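The values are calculated or read from the model by the stated rules, or taken from the named source; none is laboratory data. No experiment lies behind these values; they were computed from the predicted model shown. Here the Cβ positions follow ideal geometry from the backbone for every residue, glycine too, while neighbour counts run over all protein chains shown.
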Amino acid sequence: MRAALYDSYGPPEVLYEGRVPVPVRKPGEVLVRVHAASVNGGELHGRAGRVRFVTGRRFPQRTGLDFAGEVAEVDPDATGLRVGDRVWGILGRTFGSAAEYVSVRPRQIAYAPGNVTLTEAASLPAGGTTSLTALRDKAGLRAGERLLVRGASGGVGSVAVQLGKALGAHVTGLAGAKNADFVRELGADEVLDHRATALADLDRYDVIMDTVGTEHPVLRRRLAPGGRLVSIAFDIDHPVRSIGYLLGSAVHGRQ
């Protein structure tokens, strides 16, 4: 089958259409014919070679984390799914959804919404589940609280803005000036230009969702009493220090 591959780290030009075996569906798995796969920020860093301590040096490497498509084969024990069902999902800890087929466990997929195309649906699984987990499950965002979304125009941040409003929060988006109107259209109550706004000068917020991964100590000082900082990223230029700070903060209840 066709798949997006690359034999060395670098710019988008290192990607090419190659051939790999169709995945063999293991017992209990579902084979999905991929209609569309999205591109997430982590994959860009991975392809560029900025997180080699995670991606390693074995090539060719593949790309693609989430996908939308149709069930092609299903295990008889996977109740509720039939061949031809429209589904969307996430591979998990591996890349490779930018291909014609993926084989996944049933818990990795769900029925795709019927009011959007499969191409549109493919843009949501990773960003949507990340935002939902961060704001609802980790931060426990409540109605009436003040939420700051750093990186509000990105794949995860744009969903977080909408989700924050749906949960009843007052949402401030931090994004580039050229994307300010877009973030407002998503429902943000306020939009700040990240190039013209120093993090240290920000107001205080009940919840800060960070999608950038830098300056976590500064962000933590912008929390109101009882505030929660949730970061989905780390400083890839200083990974050991950044991850160490995040882990230490979480252990001591400051995250």
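Within segment 73-115, restricting attention to residues that are β-branched (Val, Ile, Thr), out of contact with any Ser or Thr (no Cβ under 8 Å at 6 or more places or on another chain) and closer than 27 Å to Met209 by Cα, the residue that is surrounded by the fewest Cβ atoms within 10 Å (Cβ to Cβ) is Thr94. Among the residues making up segment 196-212, those that are charged (D, E, K, R) and within 23 Å of the chain's Cα centre (by Cα) are Asp206, Asp210. Can you report the number of residues in segment 30-57 which are in a loop (DSSP other than H, G, I, E, B) and either at pLDDT 95 or above or under 29 Å from Val159 (Cα atoms) (or both)? Of the residues in segment 30-57, 6 are in a loop (DSSP other than H, G, I, E, B) and either at pLDDT 95 or above or under 29 Å from Val159 (Cα atoms) (or both). Select from segment 125-136 the residues that are of a type in the set (A, V, I, L, M) and either in contact (Cβ under 8 Å) with a residue 60 or more places away in the chain or in contact with a His (Cβ under 7 Å, 6 or more places away or on another chain) (or both) and list them in ascending order. Across segment 125-136, the qualifying residues are Ala126, Ala134, Leu135. Is it the case, given these coordinates, that Arg58 is more than 22 Å from Glu120 (Cα to Cα), of a type in the set (Lys, Arg) and assigned by TED's automatic domain parsing to the domain that holds Pro106? Against the criterion (more than 22 Å from Glu120 (Cα to Cα), of a type in the set (Lys, Arg) and assigned by TED's automatic domain parsing to the domain that holds Pro106), Arg58 qualifies.
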